[in-house]
Amino acid sequence: MNNSTPATGDENDEKKLREGRSPRSASRVLHLGQIPSDATEADVISLGLPFGTVTNLLMLKGKNQAFLEMASEEAAVTMVNYYTTARPYLCSRPVYIQYSNYRELKTDNLPNQARAQAALQAMNAMQSGNLATASTPIAEGGPLPSQGSVLWVIVENLLYPVTLDVLCQIFSKFGSILKIITFTKNSVFQALIQYADPMNAYYAKTALDGQSIYTACCTLRIGFSKLASLKVKYNNEKSRDFTRLDLPSGDSQLPLEPCVAPAFGTPNVIFSSYAGPAEFAPGMGFAEAAGVSVPGIPGALGSVTVTAPGQMTPPGVFGVPGNSVLLVSNLNPEAITPYGLFILFGVYGDVHRVKIMFNNKENALIQMAHAFQAQLAISYLNGLTLYGKVLHTSLSKYQAVQLPHEGQRDQGLTKDYSNSPLHRFKKPGSKNFQNIFPPSATLHLSNIPPSVTVDDLKNLFASTGSTVKAFKFFQHNYKMALIQLGSVEEAVQALIALHNHDFGENHHLRVSFTKSTI
């Protein structure tokens, strides 16, 4: 079909693009599949904007597909490489991205392109910093962001966990983050965040300074750092360099060193900091921040209502409706139980309900107390090997886990743990919030009774099939110890089996992951 023939639907739209086909594997045109029917043009464009300018878009809604054209092949390659390891989501559902066979999109003669072109203009204008012309402080001759692109962030009144990923979710709404370092100094949680553009840093500071991540706690105090750039040695839960995905994980980094490298990253390549579900993608406009109007900047903090001390409702984070129900798939049906999932996922939040699917026992639904706990569980447990199977953990489309009806076959696969005494995070401000770590081969043991010996504990863990490589009591507190097992998988299975193990005399063993080594 040639360009002069009118197109009447998605089939014709695809045919009209065939002129631009090329056998090259890499292309600045990307093909997106499994696009949710309720996804908008702006939603699709937002996937590409962190990596550069989006120059064209074609939505094939009848096929749940789309074509996205980037300004350069380099930007497209960066985008594909990033989403290979961090699957993108739209409207809470995963989508896939691959190179298209087309070298460019020719949509001039296609119908129904007005919305796509309008969305492109609006989204690119926001990304390119045209908001500066509408921003009151700058338009009226206020301070320009001459301070640089590195922000110094202090989190006050830390009652709930604030991780590197949480900060990325918040601050990436204002622009692409190149590097981030988190640390604790004088018992105060702090971070240094480097943007690709000082204008992004200016907007983030203007909008977020003085705001609370959660109602009445975790308040952000933000200033400009004197550092021109950050030097990150490791990519782990404490620091990350999104321009150097090859860095080792190492140990958590505390010292900060100025760097003479350019503060704006590689030309034409901007790395996104977060590719999570749509709950944290383009969010609500932020009306007022610290007395300064910042019109139209998406996704700043909203309100989270509190009905009782320490209870946040609804469970959404950052004022955007969130989901606290997880879908866990690729489970080992011969080994997994609702209790085992309760104990494992309970390391990262309070689990209220667990449901292993009756007709497909490789899948389960897990309802956490809060949406941010569900996000933590995804961050730490997706891709974990458990009982010989690699877990896939993502947000579920369901908002709650339903208990079985009377008479309904269930075989004990659905359990309600909402009132369990084993919840680790019921008490606001608990030290457990500050001791959330990824699964580790070394485990932290506590609440050990005086009568229990080293051999008793070694034999106990060996009984789970684990290989005990090392053991050490804490020097001044024999109620606590570290035990190193043969692998992370062994440690995970031992934690499930032995957390809350009853020693008698009202002593129940507490088992946790740790960053410490022996």
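The values are calculated or read from the model by the stated rules, or taken from the named source; none is laboratory data. Every value quoted in this text rests on a predicted model; they were computed, and no experiment measured them. Don't worry about glycine lacking a Cβ; one is built from the backbone with ideal geometry, like all the others, and counts go over all protein chains shown. These accessible areas exclude ligands, DNA and RNA; they are computed on the full protein's heavy atoms, side chains included. Shrake-Rupley method; radii C 1.70, N 1.55, O 1.52, S 1.80 Å.
Under Stokes-Einstein, with the Kirkwood radius over Cα pairs standing in for Rh, what whole-number D in µm²/s applies to the range 141-227 at 20 °C and 1.002 mPa s?
The diffusion coefficient I find is 166 µm²/s.
I need the shape label for the range 70-115. Rule: rounded when a/c is under 1.5, else prolate if a/b > b/c, else oblate, with a, b, c from the alpha carbon gyration tensor.
oblate
For the range 356-417, with only Lys/Arg (+1) and Asp/Glu (-1) charged at the beta-carbon, what is the dipole magnitude about the Cα centre, in debye rounded to 20?
160 debye
For the range 489-518 and the range 357-381, what is the separation of their Cα centres, given in Å?
Between the Cα centres of the range 489-518 and the range 357-381 lies a distance of 21 Å.
Over the range 160-256, calculate the relative contact order: mean separation of alpha carbon pairs under 8 Å at least 6 apart, over the residue count, as a percent.
Across the range 160-256, relative contact order equals 28 percent.
For Leu395, enumerate residues with amide H under 5 Å from its amide H, sequence gap 5+ or separate chain, H modeled in the peptide plane.
Leu327
Taking only protein heavy atoms into account and a 1.4 Å probe, give the accessible area per residue of the range 364-518 in Å².
I get 51 Å² per residue for the range 364-518.
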